[in-house]
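**Student:** Below is one structure. I have some questions about it.
The values are calculated or read from the model by the stated rules, or taken from the named source; none is laboratory data. All figures in this text were calculated on a predicted structure; none of them were measured in a lab. Glycine gets a Cβ as well: all are built from the backbone with ideal geometry, and neighbour counts include every protein chain shown. For the accessible areas, the whole protein counts, side chains as well, though only heavy atoms, and no ligand, DNA or RNA atoms are used. Shrake-Rupley method; radii C 1.70, N 1.55, O 1.52, S 1.80 Å.
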Amino acid sequence: MMKFNALIPELSVTDFKKSLHFYLDIGFRIRYERPERDFAFIQLEGNQIMLEKYNGNWETAKPEYPFGRGMNISMSVKSVGAIHKRAADCGYPIFRGIEDYEYRMDNKMLYGKEFLILDPDGWLLRFTESYE
């Protein structure tokens, strides 16, 4: 039985096949799909996302590129470098290259590296790898 995360973003996309291809290229895999509805549940390590062709069901306003304005979807991964390489090898434009980060969490410092990429509809994806 598949374990579902407590929070799973569902992203509306304009070209389902193009978007699915993008996510598979950078390392996600399909956990299940409903091809007749242009829907796929995908996963990369512990990160789960639902992709669905834009159909107006969840529309609160007319979508305009980039869809992810003001939001990034942060995902923890084992190797930021591996995902970055797959994206670059496929020719996908990187929004922000790999950078070290330092964030304060109360009295503790968190360290790691991250990079950001836009999916074909402009959903901003942030991949992070933490280290001590």
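**Student:** Give the residues of segment 33-47 that are assigned to a loop (DSSP other than H, G, I, E, B) and either surrounded by 13 or more Cβ atoms within 10 Å (Cβ to Cβ) or among the polar types (S, T, N, Q) (or both), sorted by residue number.
**Tutor:** Asp38, Glu45
**Student:** Which one is modelled with the highest pLDDT among residues in segment 70-85 that are under 15 Å from Pro9 (Cβ atoms) and over 10 Å from the mean Cα position of the chain (by Cα)?
**Tutor:** Ser76
**Student:** Turning to a different aspect of this structure: Just the residues that are among the aromatic types (Phe, Trp, Tyr) and open to solvent by 40 Å² or more (accessible area, probe 1.4 Å), please, taken from segment 78-122.
**Tutor:** Listed by number, the residues that qualify are Tyr92, Phe95, Tyr103, Tyr111.
**Student:** Further, regarding this structure: I'm told Glu52 meets every condition in (1) open to solvent by 80 Å² or more (accessible area, probe 1.4 Å); (2) charged (D, E, K, R); (3) touching a Ser or Thr at 6+ places or on another chain (Cβ under 7 Å) except one. Can you identify the failing condition by its number?
**Tutor:** Among (1) open to solvent by 80 Å² or more (accessible area, probe 1.4 Å); (2) charged (D, E, K, R); (3) touching a Ser or Thr at 6+ places or on another chain (Cβ under 7 Å), the lone unmet condition for Glu52 is (1).
**Student:** Does Glu59 satisfy the condition of being open to solvent by 80 Å² or more (accessible area, probe 1.4 Å) and modelled with pLDDT under 95?
**Tutor:** yes
**Student:** Restricting attention to segment 1-20, and to residues there that are part of a loop (DSSP other than H, G, I, E, B) and among the aliphatic types (A, V, I, L, M), which single residue is most open to solvent (accessible area, probe 1.4 Å)?
**Tutor:** Of everything passing the filter in segment 1-20, Met1 is most open to solvent (accessible area, probe 1.4 Å).
**Student:** Being among the β-branched types (Val, Ile, Thr), open to solvent by 40 Å² or more (accessible area, probe 1.4 Å) and assigned to a loop (DSSP other than H, G, I, E, B), is that true of even one residue in segment 21-32?
**Tutor:** no
**Student:** Oh, and also: Just give me the residues in segment 96-132 being outside any loop (DSSP other than H, G, I, E, B), within 21 Å of Ser19 (Cβ to Cβ) and under 13 Å from the mean Cα position of the chain (by Cα), in sequence order.
**Tutor:** Phe115, Leu116, Ile117, Leu118, Leu124, Leu125, Arg126, Phe127
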